[in-house]
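Scroll down for the structure; my scribbles are underneath it.
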Amino acid sequence: MGQAGDFQVDECVVLLAAKSFWLQPSNWWAIFQVLIGLGAVIFVHELGHFLLAKACGVKCDKFYVGFDVPIRLFGQTIIPGKLVSWKWGETEYGIGSIPLGGYVKMLGQDDNPGNLEEQVKGSIREGESGESAILASGLIDRSKLDPRSFLAKTVIQRMLIISAGVIFNLVFAVFFAAWAFKSGVDYEPAVIGNVIGGGPAWQNDLTGAEVEMIGGKPVQGYFTYMDMAQEVVFNGDDPEHPLEIKFKRYGENTVTTASLVPQKGFIRQAQDLPLIGVSRRLTPVIGEMGALKGNAAALADPPLMAGDRIIEVNGTPIGDDIELRQALARNADQVATFVIERDSKGEGSQKETITTDIPRNPMRQFGFSVQWMPIKAIKIGSPAEKAGIVVGDEIIRVDGQPRGDLITLDQRMILAINAGKPVNLTLLRVDGSEEDVMITPVMPKLTPDLGPDQPLAVDSLGVAIPMTLTIESVDEDGPAAAAGLQVGDELVSAEYVLSEEQAADEAYASLKKKPVVNFVDDTTSWAEVSDLMQMMEAGSQVKFKIRRADSDQLPLTISVETVASDVFFQGKRGISLTLMQRSYKSETWASALSYGVKQVREDAMRVVKTLAKLINGKISPTNLGGPGTIAMAATSEASRSTSRLLLFLTFLSANLAVVNFLPIPILDGGHMLFLAYEGIFRRPVSERVQVVLTYGGLFMILGLMLFVIFLDIGRIVSL
């Protein structure tokens, strides 16, 4: 299950889009750009080694992007080593068939220290023997080597040659970023869209907030939503030092300062990341997915199209996504008349205004509710806080009646708002006493997102309430009662039973692949399952396993179909919206270069911080991505704009520079470590030690590559 702000987006649709991305001819140009861009990053790195080697007088036999190692199977070459090659002067240039890097072959240089004797013999002066160049002490008599050999150069020269690749990556990264900033780049700004109910952002009423500063870093110029998210991850893992954030709440001009303690567990695939529970801000423009199947928006007449801008709903002007949400929630029980602006075909920048009606979207219900628990969190400035409600209080009656289904409580409060009536809540206080409290609910900005096993937020009141898995009530005339569900039964698992039509529909591919949710093992709440069913057609079936009270039998299985409510209607009508975008463009090249330097510094520091958190165990290695993840991310950025691709290549270059300079034998940083030892102690590291350390580094790198490739395969298989 996934959500984009207030308007739900079926995760299986998103995954399906990712899976078919490579097959769409419209994306082939983006893929071609990525191949050129990734090749450029490798080329620049090797170019640094090559030019410095030439400047130091070292003979370079080969310069390759990609490795020219043929792939053989049963003695037959199935993929040749070289795609293309040519000789120019003394150097052979080419493109290898294995696109995992590149190399410059220099006279007398070999990454394998076990080949030292062959290196020496291959770079000996005329008239000298390889044996004569190796002294009894094991040192090399460099005076007997070819002066154009890498081994014949001083420690400083060899350090310059080795470090040149990293330096060139950083320098060209600055130019990549400067080019993007001078051309202009669209980005998602540090503006908060929706929030996860009960989380730190929800408690501080950050829905729709514009961030001004986070973690001591001001939000100025080109500062993206991802920059903000990374500041939270990198600086929010110490509960004793809350994260300071300055922001303007939605609809306010004053800057507010708050201290938030990020929490883990908001993202099911990355449980270890400290987050505040926010999502990107949306705009009232129909997204690529348009209307979601089985929802009211799919019945719009005339139909909605990607790119349509919603400017009015039932006579209410719409300026942003929150105004749209509130207008739909206020009129959930009515047909919504949309006025939209659409680009006219063949009319250039002309717009046409279209009116379309979207019917009501009834809630899908099973006819049962689960037990509520005491209030877990209260929003700052909410009606609940103003009424004196505190964490630990429990709502036991609403307007003197049984409290009913928590999932419908927000809708019931909106009905009270429309009627202009306050609501009487009977509370079981923390001290065990009962008390009636009159409260005036407010129209929610957005329906808060759900996190894995997080409380359900009732935004009209400003309370977040967890639910158990125990059945509290069953409607006598509902489908659950007909299926035999009883009060006191406990939910164990839920299995989505797809109809033949749904099973054949690719939109339900992920549900078909993993239809069963175990509430305990999958840390999934009943609210999440119910929320997913709101996106599916009424009549969709779920097979529940339940554990019956006072029974030693194995879990019972019952099948329940959803029914369309004739009382409660969703404000959301199954519309996908686009992300908020802003543009940044440097007026001068000097400004672009300045921002380029800043961007490279920030990207490099993020890599350093990520590595540090991996080492100290604060971030799980499962968050890493391999070649497949990089290719997907790069192609996604390229499909949006060349400037976005350039900024991704900036990050990739900074990443390559930092990682390649780690003090791990076989990497450039490992070579620098050996050379530093030689410079300090006036003798190289012994061949035996170099061999052991180099093979250790090789196995470490190969192990890491296999690990991230395995993660990539797992992600692809899960599509």
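Rule-based calculations on the coordinates, nothing more; no lab input. This is a predicted model, so every value here is computed, not measured. Heads up, the Cβs are rebuilt from the backbone with ideal geometry, glycines too, and the neighbour counts pull from every protein chain shown.
At a Förster distance of 25 Å, what's the computed FRET efficiency of GLU288 paired with ALA538, Cβ-Cβ distance as r, to 0.05?
0.45
Describe numerically, in nm with one decimal, the distance between label points set 7 Å from Cα along Cα→Cβ at GLU385 and at THR353.
Going from the GLU385 label point to the THR353 one covers 4.1 nm.
On a full-extension model of 0.36 nm per residue, what is the gain between VAL255 and TRP589, subtracting their alpha-carbon distance, rounded to one decimal in nm?
116.9 nm
Quote the FRET efficiency, to the nearest 0.05, computed for GLU244 versus GLN486 with a Förster distance R0 of 35 Å and r equal to the Cβ-Cβ distance.
Taking R0 as 35 Å, the efficiency between GLU244 and GLN486 is 0.10.
Each residue of region 69-84 in order: what ³J(HN,Hα) in whole Hz does its phi give by Karplus 6.51 cos²θ - 1.76 cosθ + 1.60, θ = phi - 60°, with x for Gly and Pro?
Each residue's phi maps through the Karplus curve to give 10, x, 9, 10, 9, 6, x, 10, 7, 9, 9, x, x, 10, 7, 7 Hz.
State, as an integer percentage, the relative contact order of the chain based on alpha-carbon contacts under 8 Å between residues 6 or more apart.
Taking the mean separation of contacting Cα pairs over the length of the chain, I get 17 percent.
Spelling out what I want: for every residue of region 612-626, take phi, set θ = phi - 60°, compute 6.51 cos²θ - 1.76 cosθ + 1.60 (Karplus), and round to whole Hz; glycine and proline get x.
Karplus-based 3J(HN,Hα) across region 612-626 equals 4, 6, 5, 5, 8, x, 7, 10, 6, x, 5, 7, 6, x, x Hz.
How many percent of the alpha carbon pairs in region 316-470 exceed a separation of 23 Å?
Here the long-distance tail beyond 23 Å is 46 percent of all Cα pairs in region 316-470.
Net charge near VAL516, counting Lys/Arg +1 and Asp/Glu -1 over other residues with Cβ under 11 Å of its Cβ?
For residues surrounding VAL516, the net value is +1.
Normalised by the residues of region 155-304, what does the relative contact order come to in percent, with Cα pairs under 8 Å and at least six apart?
22
Starting from the amide H of ASP453, placed 1.01 Å from N in the peptide plane, find each other amide H under 5 Å away whose residue is 5 or more places distant or on another chain.
SER525
Enter the angle in degrees (range 0 to 90, nearest 10) between the Cα long axis of helix 155-183 and the first principal axis of the Cα atoms of the chain, meaning the one along which they spread out most.
Once rounded, one gets 40 degrees.
For ALA504 and VAL608 in the same chain, what is the full-extension length gain: residue separation times 0.36 nm, less their Cα-Cα distance, in nm?
32.8 nm
If you stretched the chain out fully between SER183 and ASP272, how much longer would it get, using 0.36 nm times the residue separation minus the C-alpha to C-alpha distance?
28.3 nm
Whole angstrom only: what separates the Cα centroid of region 638-714 from the Cα centroid of region 550-566?
Computed from Cα coordinates, the inter-centre distance equals 55 Å.
What value, in deg cm²/dmol to 500, does the helix sum -39500 (n - 2.57) over DSSP H runs of n ≥ 4 give at 222 nm once divided by the residues of the chain?
-11000 deg cm²/dmol
Need the list of aspartates and glutamates near LYS512 for cross-linking: C-alpha distance under 20 angstrom, and skip anything on the same chain fewer than eight residues off.
Answer for LYS512, where 20 Å is the Cα cut-off: ASP10, GLU11, GLU495, GLU500, GLU501, ASP521, ASP522, GLU528, ASP531, GLU537, GLU561, listed by chain and number.
What per residue convex hull volume, in Å³, comes out for the chain when only alpha-carbon positions are used?
Each residue corresponds to 225 Å³ of Cα convex hull volume.
Out of residues 5 or more away from GLN570 or on other chains, whose amide H comes under 5 Å of its own, with H placed 1.01 Å from N in the peptide plane?
ASN361, MET363
In terms of modelled amide H atoms, which long-range or inter-chain residues lie less than 5 Å from the amide H of ILE664?
When sequence neighbours closer than 5 places are left aside, the close amide H contacts are GLY669, GLY670.
Please turn the phi angles of region 251-261 into ³J(HN,Hα) values with the Karplus equation 6.51 cos²θ - 1.76 cosθ + 1.60 (θ = phi - 60°), one per residue in order, whole Hz, x for glycine and proline.
Going residue by residue, I get x, 10, 9, 7, 8, 10, 10, 9, 10, 10, 9 Hz, with x marking Gly and Pro.
For LYS512 paired with ILE71, estimate the spin-label separation in nm (one decimal), with each label point 7 Å from Cα along the Cα-to-Cβ line.
3.0
Which value results for Rg/Rh of region 282-362 when Rg is the Cα radius of gyration and Rh the Kirkwood radius based on the inverse mean 1/r?
Rounded to two decimals, Rg/Rh equals 0.95.
Give a quick list of GluC sites (Glu not before Pro) in region 448-496 that DSSP marks as loop, anything other than H, G, I, E or B, with at most 14 other Cβ atoms within 10 Å.
Passing sites in region 448-496 are GLU476.
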